[in-house]
Amino acid sequence: MWFSRKKIKSSPLFLYNSLSKNKEEFKPIHGSSVRMYTCGPTVYDYAHIGNLRAYIFSDIAKRVLQYRGFSVKHIINITDVGHLVHDSDDGEDKMSAGLLREGKELNLENMYELGEKYTKSFIDDLKTLHVLMPFAYPRASDNIQEQIAFITSLKQKGYAYNTSDGVYFDTAKFKAYGALGLPGVENDSAHSRLGAHAEKHDQRDFALWKFNKNLGWEASWGKGFPGWHIECTAMATKYLGKHFDIHTGGVDHIAIHHNNEIAQAEAVSNKRFANFWMHGEFITVEGKRIGKSEGNAIQLYQLKERGISPIAYRYLLLTTHYRSLMNFTWESLQGAATALQRAKRHFADLPVNGGKVLDVYREKFEKAVSDDLDTPKAVAVLWELLKDDSVLPRDKRATVLNFDQVLGLGFKDMPSEMRSVPVSVSGGVSEEVTKLLEEREKARNDKNWARSDELRDILLGMGFSVEDTPDGVKVVKL
Ligand code: AMP
Ligand code: ZN
C-alpha cells in the first residue's frame, strides 16, 4: 500500500452531515479507525454513469480519511432482493423486473445468477474508475437470516405489525421518525403514494417483509422477501456494529430509505445509528434526468467506444463538488479528457524519483479536501503545482503522487507512451553514451527506476550529467 498512515495535525476535517444540515468536524468513534457504509446498487441491470457518481463520491470520502491517517472499514452492499420499482410498497421488485426483461423464469436461483452478472459488471466498473475495494460487498440474499432476526427484534419491541401483504414498521411508535427531515407530504409524491395502502396505520409506515407464496424465504410470519430498508440496516449492523461513523448514499435516499434505516436501527438498539450521513447529488445528462426511457443511461463502455478514458469521467466528477448537481455532456467529458491528458503529460516529463512532498502545496491540498471534500479546489491546487516553474521537478512529481492518493487519477501508472522524450545533448556524444541513454529511456518506460538511476550514475562517471526536465532528457558534458 502506498497510503501514508501518518497522523496529520493540521487543518481539521469538516464533513457535511445531512442530519444537522451543517458541516461538522469529523472525529471517529474509535481512535483512528473509521467505519463507513455505502448503499450499493440494485443489481438488476448495468450501472449507468449516474450510479457510478455515488461510488466515486464515497471513494473520495474514504481516500480523504485515509490521507488524513485514518484506517477505513468500508462496506458497499449489493441489493439483489427486495428493492421495489416504486417507493409505494406496491408492485414489482426490480430484480423480478430484471428477470422478466431477460426472459428468465422467476425463481431464486435465476435471481441470484442475475445478481451475480450485474454485480460483476458493477465491480469491474468501480475498478476501472480506480475506486478502492471495500472491506466487503455483502449481498442481501446472503444475509436473509440477519434480516429476519432484525424484524423479529422489531416485532418483539412492538414496532411492527402485519397486514395481508406483509410486515410493516409502525412509524408512529418511533417518536423520532424522520431524523433526516420529512418533505411536505403534499409535495412528496413518494410518501403520498404510500397512502394507497388501506391497511397501513400511517402512510409513512413501510414494508419490512413482503409476503410471496411462490418465491422467497421462509419466516415465522410467512414466506416472502425482506424489504430494501431492513437489508441495509441489518448488513450495516452486522459488519460495522450498532453505532458507526459514516453512512453514505445518493440524495434520493434521504427522505425514505435513510429515514427508514435510522428508524429500524435505533428502535432496536436505542443508540444513534450513524454519526454522519453524507449524500451525493445526482447528475443529469444533457440537462435531462437519467432514465431508460430517455435513452441516456450511459454506461462506461460507451466512453471507451468513443475513445475516451473512463478516468476522464472521474476527473470530470472531481471538478464538481459532490453536493452539487452536475450536468453531464459529451463536450464536458471531452474537455475533462483533454485536461487530464495535459496534466499527465506535465507529469510524464518530471524526473522519476528522489523528490520530496512540498509542505506548502500539501497544506493547501489538504485544506481543500478537508473542507467537505472540496475536490474542485483540490484539482485547482494540482494545476497550480503543475504550472509552478519555481518548484524542483522531482519535488513536483513527489507532490503530485501525494495528491493522487486522494484524486485517484493514476499518475503513478501512467502508460509509458505518454512520456515525451526529446533527448537534447549539448556538445554531441559517443555511440556508447547514446546506447546508455537509450537503455535508460527504456528502463524509465518500463518503470525500472533502479536501473534508470544506475545508468544515470554510470553516465555521470563518464562525465555526462543527465537531467529529466519538462522538455525532455537534458544531457550535459561536464
Ligand atoms: P440504485 O441501483 O437504483 O439503487 O442506485 C444506485 C446508486 O446510484 C444510488 O446511490 C443512487 O442514489 C445513485 N444514482 C441513481 N441515479 C443517479 C444519478 N442520475 N446521479 C447520481 N447518482 C444516481
Ligand atoms: Zn441502503
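Inside the range 141-180, can you point out the residues that are assigned to a strand (DSSP E or B) and open to solvent by 50 Å² or more (accessible area, probe 1.4 Å)?
If the condition is that a residue be assigned to a strand (DSSP E or B) and open to solvent by 50 Å² or more (accessible area, probe 1.4 Å), then 162 is the only one that fits.
For the range 276-307, how many residues are within 28 Å of residue 368 (Cα to Cα) and open to solvent by less than 30 Å² (accessible area, probe 1.4 Å)? Reasoning before the result, please.
Taking the range 276-307 as the starting set, the residues that turn out to be within 28 Å of residue 368 (Cα to Cα) are 276-285.
The next check asks that each one be open to solvent by less than 30 Å² (accessible area, probe 1.4 Å); those that pass are 276-280, 283-285.
Final tally of qualifying residues: 8.
Residues checked against (1) of a type in the set (A, V, I, L, M, F, W, C); (2) within 16 Å of ligand 2 (Cβ to nearest atom); (3) open to solvent by less than 10 Å² (accessible area, probe 1.4 Å); (4) touching a Lys or Arg at 6+ places or on another chain (Cβ under 7 Å):
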site: 23; (1), (2), (3), (4): no, no, no, no
site: 27; (1), (2), (3), (4): no, no, no, no
site: 50; (1), (2), (3), (4): no, no, no, no
site: 64; (1), (2), (3), (4): yes, no, yes, no
site: 67; (1), (2), (3), (4): no, no, yes, no
site: 77; (1), (2), (3), (4): no, yes, yes, no
site: 80; (1), (2), (3), (4): no, yes, yes, yes
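If residue 344 meets every condition in (1) open to solvent by 10 Å² or more (accessible area, probe 1.4 Å); (2) basic (Lys, Arg); (3) at pLDDT 95 or above apart from one, which number is that one?
Condition (3) is where residue 344 drops out.
Do we find a residue being within 12 Å of ligand 1 (Cβ to nearest atom) and touching a Pro at 6+ places or on another chain (Cβ under 7 Å) anywhere in the range 291-307?
Looking only at the range 291-307, we keep the residues that are within 12 Å of ligand 1 (Cβ to nearest atom), and these are 291-292, 294, 296-298.
From what is left, the residues that are touching a Pro at 6+ places or on another chain (Cβ under 7 Å) are none.
Looking through the range 291-307, none of the residues is within 12 Å of ligand 1 (Cβ to nearest atom) and touching a Pro at 6+ places or on another chain (Cβ under 7 Å).
Restricting attention to the range 29-39, and to residues there that are under 11 Å from residue 246 (Cβ atoms) and away from ligand 2 (no atom under 16 Å from the Cβ), which single residue is most open to solvent (accessible area, probe 1.4 Å)?
The initial filter retains those residues of the range 29-39 that are under 11 Å from residue 246 (Cβ atoms), namely 29, 34-38.
So of that shortlist, the ones also away from ligand 2 (no atom under 16 Å from the Cβ) come out as 29, 34.
Values: 29: 53, 34: 2 Å².
Only one residue tops the list, namely 29.
With the checklist (1) assigned by TED's automatic domain parsing to the domain that holds residue 85; (2) away from ligand 2 (no atom under 16 Å from the Cβ); (3) not charged (D, E, K, R) in hand, flag the one item residue 297 doesn't pass.
(1)
Could you tell me which residue of the range 217-226 is surrounded by the fewest Cβ atoms within 10 Å (Cβ to Cβ), considering only residues that are of a type outside the set (Phe, Trp, Tyr) and either at pLDDT below 95 or part of a strand (DSSP E or B) (or both)? I'd like the intermediate steps shown before the answer.
Quick first cut of the range 217-226, residues of a type outside the set (Phe, Trp, Tyr) only: 218-220, 222-224, 226.
If we keep only those that are either at pLDDT below 95 or part of a strand (DSSP E or B) (or both) as well, we get 224, 226.
Working: 224: 22, 226: 27.
The qualifying residue surrounded by the fewest Cβ atoms within 10 Å (Cβ to Cβ) is 224.
The values are calculated or read from the model by the stated rules, or taken from the named source; none is laboratory data. Note that the coordinates shown come from a computational prediction; the quantities given were computed from them, not determined experimentally. Glycine gets a Cβ as well: all are built from the backbone with ideal geometry, and neighbour counts include every protein chain shown. Surface accessibility is based on the protein's heavy atoms, side chains included, excluding ligands, DNA and RNA. Shrake-Rupley method; radii C 1.70, N 1.55, O 1.52, S 1.80 Å.
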